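Q: Have a look at this one before I ask anything.
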Amino acid sequence: MAETAEQRVLLDDYEVGELAVEFDDRPAEEIVAWAIERFGHRLAICSSLQAESVVLLDMAWRIDPQVRVFTVDTGRMPQETHVLIDRIRDRYGVQIEVVHPDAEELSRMTTRYGSNLFYESVAKRLLCCEVRKVEPLKRKLAELDAWVTGLRREHWPTRSNIRKIDIDHDHDGIVKLNPLADWIHDDVWTYIRDHDVPSHDLYAQGYTSISCTCCTRPTKPGEDPRAGRWWWEKGAPKECGMHCSLETGGFEHELDALLDDVLRGKAPETAKAGSD
């Protein structure tokens with residue numbers, strides 16, 4: 001049966017602001033339980049299959065074994081990620097909803113700019129992220145009233161002020177929940193050990209942040225945990241655009257032109273192929 005407008009649960013900025021203050025010092029489990037009760041089947045966990053999102057899956061499953069979980073498969077994910085998806089399905093009985101990029105958008109992008117365009121410029125890397133991650137995410141979130149992420153304030157400066165409950169103005173004002181916002185690295189791994197949570201095999205190989213194979217490498221001792229992301233870029237945001245609106249600086253206009261080209265299928269007359 002189709003969802004009706006009356007079945008949706010949408011909150012305004014004022015209500016969410018009050019909830020953010022109320023829940024800021026509450027345990028993650030309590031926030032997850034509140035969200036499941038409040039939003040029901042129109043809530044889903046967005047899982048990158050990294051440590052934080054699998055912790056959240058474990059928490060939510062203990063509250064509601066039918067909790068919805070989805071992941072974005074960019075088409076460039078490491079085999080270890082697919083192995084972990086199968087392990088999670090076996091362990092929890094959760095049917096992870098796998099979201100894919102739009103085939104036509106992906107074909108237009110790779111035909112015009114190649115499969116490894118992300119190495120050529122920051123704008124082209126962001127274009128690749130947009131097509132493979134951001135656009136599929138947008139389509140999925142259009143089905144929901146709330147989503148749960150594993151973002152932590154400790155991750156990166158762009159995430160230092162995230163609230164545990166917020167309005168996601170980038171996605172039609174649905175609610176975005178970050179129950180682990182105030183957790184540190186040790187909190188995550190203590191939970192994994194205590195609850196025997198499945199974890200990604202690449203962590204044992206020195207990876208500290210895991211995404212597409214081509215854009216992620218192990219980090220060296222003393223490096224920032226996100227240094228393994230897009231390591232060839234200098235002075236660019238260590239973000240893909242899924243969780244924040246990017247301030248892209250000098251390459252913002254180039255990115256806009258590239259997106260206009262790919263997402264709308266225009267001729268590449270405004271896009272400067274190979275521009276840095």
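None of the figures in this text is laboratory data; all of them are computed from the coordinates on show. Since the structure is predicted, the reported quantities are computational estimates derived from the model, not experimental observations. We place every Cβ from the backbone using ideal geometry, glycine too, and count neighbours over all the protein chains shown.
Q: Could you check the simple spin-label distance between His169 and Asp64, using points 7 Å along Cα→Cβ, in nm with one decimal?
A: In this crude label model, His169 to Asp64 measures out at 2.8 nm.
Q: Return the whole-Å distance between the Cα centroid of the range 8-43 and the Cα centroid of the range 45-118.
A: Value for the Cα centre distance between the two parts: 24 Å.
Q: Counting only the backbone N, which residues of the range 90-106 are under 16 Å from the spot 7 Å out from the Cα of Thr213 toward its beta-carbon?
A: None, by backbone N distance to the label point.
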